């Protein structure tokens, strides 16, 4: 049996294991909430994670369409980019897939062929990790740009208000000079 066949057979176990490993990266109080992943309205973060990892695994197993994969990664990494974590923590969830794969396939990995197939599959996960880092950095750049633009806008509004108040004060002074 080929590794992809084993992984397809163990797909649900891989997804459950991966999701639990991802939950482990969150504080304990968040884990209970995030565990309820089925309700997109009540738990959008958990839902995005669940849908994204399912799509990522499906793309890996079916030959990986790069644009679709980038979109799936963007969804899950964008969530992590707005959270208060460093880049390594944010993209570690992709690396956790390796552990979930090994855990689910452990009983099936007999023979050097399957082990070499697993290593090749893990190389694909490594490439996803690098792509995830690029996406994370782009998201952080976007957040930084938003903050800079907001700072500029608020600075402009403050300067405009101060100039308006200055003009009013000057007009009052002129009126008082005339009187």
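The values are calculated or read from the model by the stated rules, or taken from the named source; none is laboratory data. A quick note: this is a predicted structure, and the numbers were derived from the prediction, not measured. Neighbour counts run over all protein chains shown; Cβ positions are idealised from the backbone, glycine included.
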- Item | Residue check, residue 134 under 25 Å from residue 59 (Cβ atoms) and part of a helix (DSSP H, G or I) | yes
- Taking interchain pairs and intrachain pairs at least six residues apart, which have beta carbon atoms under 7 angstrom, with the first residue in the range 25-42 and in contact (Cβ under 8 Å) with a residue 60 or more places away in the chain and the second outside any loop (DSSP other than H, G, I, E, B)? 25/89; 25/92; 25/93
- Residues of the range 109-124 satisfying the condition of being closer than 22 Å to residue 92 by Cα, in contact with a helix residue (DSSP H, G or I) (Cβ under 9 Å, 6 or more places away or on another chain) and surrounded by fewer than 17 Cβ atoms within 10 Å (Cβ to Cβ): 120, 122, 124
- Item | When residues of the range 1-23 are limited to those that are under 22 Å from residue 82 (Cβ atoms) and touching a residue at least 40 places away in the same chain (Cβ under 8 Å), the one surrounded by the most Cβ atoms within 10 Å (Cβ to Cβ) | 18
- Task: Only one of these is more than 19 Å from residue 12 (Cα to Cα) and over 16 Å from the mean Cα position of the chain (by Cα): 81, 41, 70. Name it.
- Result: 41
- Message: Of all residues being under 12 Å from residue 135 (Cβ atoms) and touching a residue at least 60 places away in the same chain (Cβ under 8 Å) in the range 57-90, which is surrounded by the most Cβ atoms within 10 Å (Cβ to Cβ)? Just the residue, please.
- Response: 77
- Message: For a quick check of your reading: which helices (runs of 4 or more DSSP H) sit entirely within the range 1-119 and have at least 1 residues that are on the phi < 0 side of the Ramachandran plot and at pLDDT below 90?
- Response: 3-9, 28-34, 44-62, 66-82, 87-105
